[in-house]
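The values are calculated or read from the model by the stated rules, or taken from the named source; none is laboratory data. Since the model is a prediction, treat every value here as computed from it, not as a measurement. Virtual Cβ from ideal backbone geometry, glycine too; neighbours counted across all protein chains shown.
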Amino acid sequence: MIISCIHIQSFGKINNLTLELDGGINIITGENESGKSTICNFIRFVFYGLPSKTEEKQKCISWEASRAAGYIIFSEDGLQYRVERDAVMTTSAEGKVSFSEKCTIYDNETNNPCLRGKNPGEEFFGVPESVFESTAYIRQLGESKIGGRSLLEASENILFSGDESAGTKKALKKLDEARKFLWHKNKSGGKIHDMQENLDSLEERIDASKSTGARLIYLDGRKRELTQSAEKAEKDAAVIKEELDTYERFSIKQAYRKCVKTKREAEELEAQREKLCDASATGGVHIYKSDYTERLRAYQSELKIATARYEDARTEMEAARKKLGDMNEKLAVFERFGSVEKRDALVHKVEEDKKALSSRKTVSLIGLIGTAVFASLFVASFIIGESGSAAIKTVFAVLAALCALFCAVGFIMAGGYAKRIRRVCAMFGCADYGEFDELVKASKKDEAALMYIIEGKRGAESKFDEASSALNKASAAIIRALEAAGFEIFDNTALSLDRAIAKCDEKRSEIEKLEIMIREKKKSAEEYAAALASYPDELIAQSAKEDFPPELESYDYRKRKRDYEFLTRSAASSKERIYEIEKEYTELNAKGENPVKLAPEAEALKGNIAALTEKFEAYVLAIEAMESASGKLREGISPKLAKTAGKVMSKLSGGKYRSLGVDGDFAMSYFDGITHGVDSLSAGTMDIAYLSLRIALMDLLCKKSVPPFIFDESFARLDDTRLANTLELLYRLYGEYGQCLLFTCHGREREIMKSIGAFRQIDI
């Protein structure tokens, strides 16, 4: 088969695409997500239709329209065909998705339909879709392992009969159906079973005809017993029915009385509530209402805040007054200074004397040092001896005397300054200038503190006045509110308010309890009324006037109702059984079967059962023989596949791998002294192993026509050498009389094919 044209009208994400193809190698190149896999799936769709799963079907439908449509033109055995397929997806109002599909095969030269009712894939390739996907349709080789029961059975049937749909499986199925027709596996059902049931029934009739007389006598007696039982049950049921009716009227009267009583009680409770809600005793103020209570609680909160602020302000004012008293006692010692001006002048004079004292001490110290130095030089000149002149000695002596005089004058003046300073310190009880200085600093500091305390006292008194006013205002508002409602006023405003709030809460609680009781009473009254609503007014009125015996108070209604129902059912059951007995009695009289006439019919059935049983055993033996032959056929498939696949594998691997094994489920292995599974090979080597198996399967199974080999990005894991071997093999196998479609996003295949042979390049 050679595909010459692929036209996709709508399929997945592709719309209105036409590809012109040649025989041999066709390389279709496109970027990732360009639609290569979609084209591959379209080829499968045209030849085999939509997939079985709904989600897979939806992937085939166009993204822009609710359909999948297109055609493929190909040549086969000198004729040119066109296969058109159209699938439409519809969605109901309930959201249920359904698909309709149409496929037509045309003679492309005459444009006339042909091969009606045929599946294109199975008709032209001779294999079902599962075999097509396991051989000619190749995705990533490592992602598409070969095997499975469906492929194995299809292979077996094709080899057995040349037809995938006709083989051992169908033959076994027909034999098994014939066997089941006679006798199911569990030996129940089937023709033999039905005949056996007829025989059993006939034998029962023979036995029954022998005992008909005895049966009629028994039925007559049983009918009399059941009649008596039914009459007694009906009589007892009538008595209980009268009791139940009387109790029902009694219950109506009880419900009526309770309904009236609960209504009256509800009215009395409402009167109590209205009395409690009357505000005439509280000056027209509804003290039970939440808005009044909330207002009192707001007053309570304001009173607490005002009282707290009053206490804080009073405490603060007392503390300020105490601080002021303490400071006044402390400042009494400074009164001897006189005015602030006198104090500052005196302090200024003492500080000047302090500075002068310090300078005179410094001068005296310098003079003392000079005296010591020059005296030392004078003494040293005598020690040296004659080397020093008398003039120098005289100079040293004079300088020493002047320094001594300077030092003495400095000490005398320093003593005067120190004496004045001690006198001023003694005036204020200070031992030295340090104590005096501390006394002056404390005086200035405490004066500032005194002014701060005085200001604090004034602020505390002002705050206390404001807090007192607020407290009085809050108390007055509370008193007015309580007096308006007639509440008792105590000396303690807070106590008066607390008791008033408690009384309001107590009254509201009483009213709420009454309202709950009123609702419960009304609900009970409504329930009694609802129960009475199903009865006629005349019956209610009659029952309310009727006198009933006291024992009805303890009447067990439920038990007597169960007794009545039991007796009613018992009477009905007896009547039903009487009807069945009468029917059977009439039938037995009408039949009047003769056992002598029934015996030959029974013997004929026994002969038929024996013949069919023999036939059933023959079917079982045929099934066992067919299954044995099928097993041997399957065992013969594997060596053929292994031989062909090994040759292909040797060429693809450059002669490295020659010996391949294939088991009954198409699992592959290779031999290098030890048998290994192909899963132990590298990814690229595993790919060419599975490709070898696919080519072998194509050679073995496709007897009608070899479909195009379709490769969808299949060679990604092959190195350049093995890719070249693969392409060269495909070219030799299919380059002249077959067709290969290579879908790829790479340029390796195109570059390698340039050195092998002719091919067609198509870019999408």
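Which members of region 60-81 meet the condition of being outside any loop (DSSP other than H, G, I, E, B) and of a type in the set (Gly, Ala, Ser)?
Residues of region 60-81 that are outside any loop (DSSP other than H, G, I, E, B), as a first pass: 60, 67-76, 79-81.
Within region 60-81, Ala68, Ala69, Gly70, Ser75 qualify.
Which numbered condition trips up Leu588, out of (1) at pLDDT 75 or above; (2) of a type in the set (A, V, I, L, M); (3) under 29 Å from Gln228 (Cβ atoms)?
(1)
Restricting to region 463-521, give me the number of residues that are outside any helix (DSSP H, G or I) and under 24 Å from Lys275 (Cα atoms).
Let us first name the residues in region 463-521 that are outside any helix (DSSP H, G or I), namely 485-492.
Among the residues that remain, those that are also under 24 Å from Lys275 (Cα atoms) are: 485-488.
Selection size over region 463-521: 4.
Which members of region 492-517 meet the condition of being surrounded by 14 or more Cβ atoms within 10 Å (Cβ to Cβ) and polar (S, T, N, Q)?
Matches in region 492-517: Thr493, Ser496.
Go through (1) surrounded by fewer than 14 Cβ atoms within 10 Å (Cβ to Cβ); (2) of a type in the set (Asp, Glu); (3) touching a helix residue (DSSP H, G or I) at 6+ places or on another chain (Cβ under 8 Å); (4) within 20 Å of Arg558 (Cα to Cα) for Asp236 and report which single condition fails.
The failed condition is (1).
Tally time: how many residues in region 10-28 are surrounded by fewer than 19 Cβ atoms within 10 Å (Cβ to Cβ), in contact with a Ser or Thr (Cβ under 9 Å, 6 or more places away or on another chain) and under 20 Å from Tyr81 (Cβ atoms)?
2
Does Ala625 qualify as being among the small types (Gly, Ala, Ser), in a helix (DSSP H, G or I) and either surrounded by 12 or more Cβ atoms within 10 Å (Cβ to Cβ) or at pLDDT 70 or above (or both)?
no
List the pairs whose first member sits in region 286-301 and is under 11 Å from Leu497 (Cβ atoms) and modelled with pLDDT of 80 or more, whose second member is charged (D, E, K, R) and in a helix (DSSP H, G or I), and whose Cβ atoms are under 8 Å apart, counting only residues at least 6 apart or on separate chains?
Gln300/Asp498
In region 692-719, what count of residues is obtained for those that are farther than 18 Å from Ile25 by Cα, in a helix (DSSP H, G or I) and not small (Gly, Ala, Ser)?
5
Out of the residues in region 712-751 meeting the condition of being acidic (Asp, Glu) and under 45 Å from the mean Cα position of the chain (by Cα), tell me which one is farthest from Ser682 (Cα to Cα).
Per the criteria, the residue is Asp712.
Quick one: Tyr247 ticks every box in (1) in contact (Cβ under 8 Å) with a residue 12 or more places away in the chain; (2) in a loop (DSSP other than H, G, I, E, B) bar one, so which box is it?
All conditions pass for Tyr247, except number (2).
Which is out of contact with any Leu (no Cβ under 9 Å at 6 or more places or on another chain) and not acidic (Asp, Glu), of Tyr247, Tyr256, Tyr288, Tyr218? Write out each step before concluding.
Working: Tyr247 fails: out of contact with any Leu (no Cβ under 9 Å at 6 or more places or on another chain); Tyr256 fails: out of contact with any Leu (no Cβ under 9 Å at 6 or more places or on another chain); Tyr288 fails: out of contact with any Leu (no Cβ under 9 Å at 6 or more places or on another chain).
The match here is Tyr218.
Restricting attention to region 306-342, which residues are loosely packed, with under 14 Cβ neighbours inside 10 Å, of a type in the set (Val, Ile, Thr) and modelled with pLDDT of 80 or more?
Correct list: Thr315 only.
Restricting the first residue to region 732-753 and requiring it to be without any contact (Cβ under 8 Å) to a residue 60 or more places away in the chain, which pairs with a second residue that is in a helix (DSSP H, G or I) and among the acidic types (Asp, Glu) meet a Cβ separation below 8 Å and a spacing of at least six or different chains?
Listed by first residue and then by second, the contacts come to Arg748/Asp720; Ile752/Asp720.
Collect the residues in region 38-59 that are touching a strand residue (DSSP E or B) at 6+ places or on another chain (Cβ under 8 Å) and assigned to a loop (DSSP other than H, G, I, E, B), keeping them in residue-number order.
Answer for region 38-59, where residues must be touching a strand residue (DSSP E or B) at 6+ places or on another chain (Cβ under 8 Å) and assigned to a loop (DSSP other than H, G, I, E, B): Gly49, Leu50.
Among all residue pairs at least 6 apart or on different chains, which show Cβ distances below 8 Å where the first residue, located in region 562-574, is under 12 Å from Glu234 (Cβ atoms) and of a type in the set (Val, Ile, Thr) and the second is crowded, with 17+ Cβ neighbours inside 10 Å and at pLDDT 90 or above?
So the pair list comes out as Thr568/Ala233; Thr568/Ala237.
Could you check region 732-764 and list, in sequence order, the residues that are in a helix (DSSP H, G or I) and modelled with pLDDT of 90 or more?
Within region 732-764, Arg748, Glu749, Arg750, Glu751, Ile752, Met753 qualify.
What is the residue count in region 628-661 for residues that are assigned to a helix (DSSP H, G or I) and at pLDDT 65 or above?
Looking only at that region, the number is 16.
Report the residue count in region 541-561 for those that are surrounded by 12 or more Cβ atoms within 10 Å (Cβ to Cβ) and either within 17 Å of Val239 (Cβ to Cβ) or in contact with a strand residue (DSSP E or B) (Cβ under 8 Å, 6 or more places away or on another chain) (or both).
Number satisfying all stated conditions: 5.
Would you check if Ser188 is more than 19 Å from Glu580 (Cβ to Cβ), out of contact with any Leu (no Cβ under 9 Å at 6 or more places or on another chain), surrounded by fewer than 17 Cβ atoms within 10 Å (Cβ to Cβ) and at pLDDT below 70? Walk me through it before giving the result.
Details: more than 19 Å from Glu580 (Cβ to Cβ): yes; out of contact with any Leu (no Cβ under 9 Å at 6 or more places or on another chain): yes; surrounded by fewer than 17 Cβ atoms within 10 Å (Cβ to Cβ): yes; at pLDDT below 70: yes.
Yes; evaluated as a whole, the condition is true for this residue.
Any residue at all in region 59-70 that's exposed (fewer than 15 other Cβ atoms within 10 Å of the Cβ), under 29 Å from Glu736 (Cα atoms) and at pLDDT below 95?
no
Can you name every residue in region 703-744 that is within 15 Å of Gly757 (Cα to Cα) and of a type in the set (Val, Ile, Thr)?
Thr726, the sole residue that qualifies.
Give the residues of region 736-756 that are surrounded by fewer than 21 Cβ atoms within 10 Å (Cβ to Cβ) and either within 22 Å of Lys647 (Cβ to Cβ) or β-branched (Val, Ile, Thr) (or both), sorted by residue number.
Listed by number, the residues that qualify are Glu736, Tyr737, Gly738, Thr744, Ile752, Ile756.
Only one of (1) within 30 Å of Ile578 (Cβ to Cβ); (2) not in a helix (DSSP H, G or I) fails for Val285. Which number is that?
The one condition Val285 does not meet is (1).
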